[in-house]
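All remarks here apply to the structure that follows.
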Amino acid sequence: MSTRRLKDLLIVILLSVSVALSGCTVPAGGDGDTLMIHIYYMNAGNRKISYVDYEPAARGGSDLVEEMLDEMEQQPDDVDLLPVLNGSFSINSYFLNYDGVTIDLDSRYLLLDTITEVLTRAAIVRTLTQADGVSSVTFTVNGEALLNSDGEAYGPMNAEMFVDNSGTEINNYERTVLKLYFADKSGDKLLAAERTVVYNTNISIEKLVVEQLISGPETKGLYPVINPQTTILGVIVRDGTCYVNFSSSFLTQPYNVSTEVAIYSIVNSLTELNSVRRVQIAVDGENDMLYMNTTSLSEIYERNTKLAE
């Protein structure tokens, strides 16, 4: 269905919003009469998104949102870019609320592969949130909230959610399989689990491993080992040694796990990578301390296979 027909499918437009958005513009700098926006497209390899400058006829409200969506259906002059709204799924409807847009998609959207789905959301969000008064985009599928891999609703999304740490455009995404070690029920042994992750290549694979450990296990029968309040302050690899710097929350252990299991969960998971042979852990940049009052963090740890079942 062409998005030009979607105007008839608007579900709710609050009167106050309609008034507020009727004069919305996207600043372009210099000429106040010029409205220039970015329309985001998928690169031909479906690995990143890029934008093309576009001057819309509409100046705000639902007309501007509709024109943006229409333009996202069109093939740009650059043949290396592909429209995100390319017929692989349809937009059932959309409506404006007080500070954002809710877009309802048909069920074919759920068939997109993980990378394409992430980049599709990114392109739509980053395009539509350029309009004044549209600070976020919420996605639903046939009237039901779009869920992440944990079964939780994504909720409203803004452009900042799709910008990497360096502030550049979304970079390549890759899929990888990690072998992670978590605690068994007793907290005295390590159990391994493989996890498939799609990640932005702006983050190192070593940091990705540590992030996944902090997020905890996804497999029944495995138990977490690192305080979930822990923040990663830095992860670097030099000459085969991975240096991991945690916030002070790492020193607080809320789980019933042994000291060795906690330490070697990190060490064994990281040494599954070809780049890592040893691991040293620091807290707030310091390692002259004892973890759980028993284990010195000044040591450089190597893989321990005896703890793994």
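What follows is calculated from the coordinates using simple rules that are stated; it is not laboratory data. Just so it is clear, the structure is predicted and the values come from calculations on it, not from any experiment. With ideal geometry, Cβ positions are generated from the backbone for all residues, glycine too; neighbour counts draw on all protein chains shown.
Values computed for the structure shown
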quantity	calculated
Estimated dipole of region 173-302 in Debye, rounded to 20 [Cβ of Lys and Arg +1, of Asp and Glu -1, Cα centre]	340 debye
Proximal aspartates and glutamates relative to Lys48, as straight alpha-carbon distance under 20 Å, when same-chain residues fewer than 8 apart are discounted	Glu71, Glu73, Asp77, Asp78, Asp80, Asp113, Glu117, Glu160, Asp164, Glu169, Glu174
For Met157, net neighbour charge (Lys/Arg +1, Asp/Glu -1) across residues whose Cβ lies under 14 Å away	-2
Residue exposure sequence - Tyr40, Tyr223 - by fewest surrounding Cβ within 10 Å	Tyr223, Tyr40
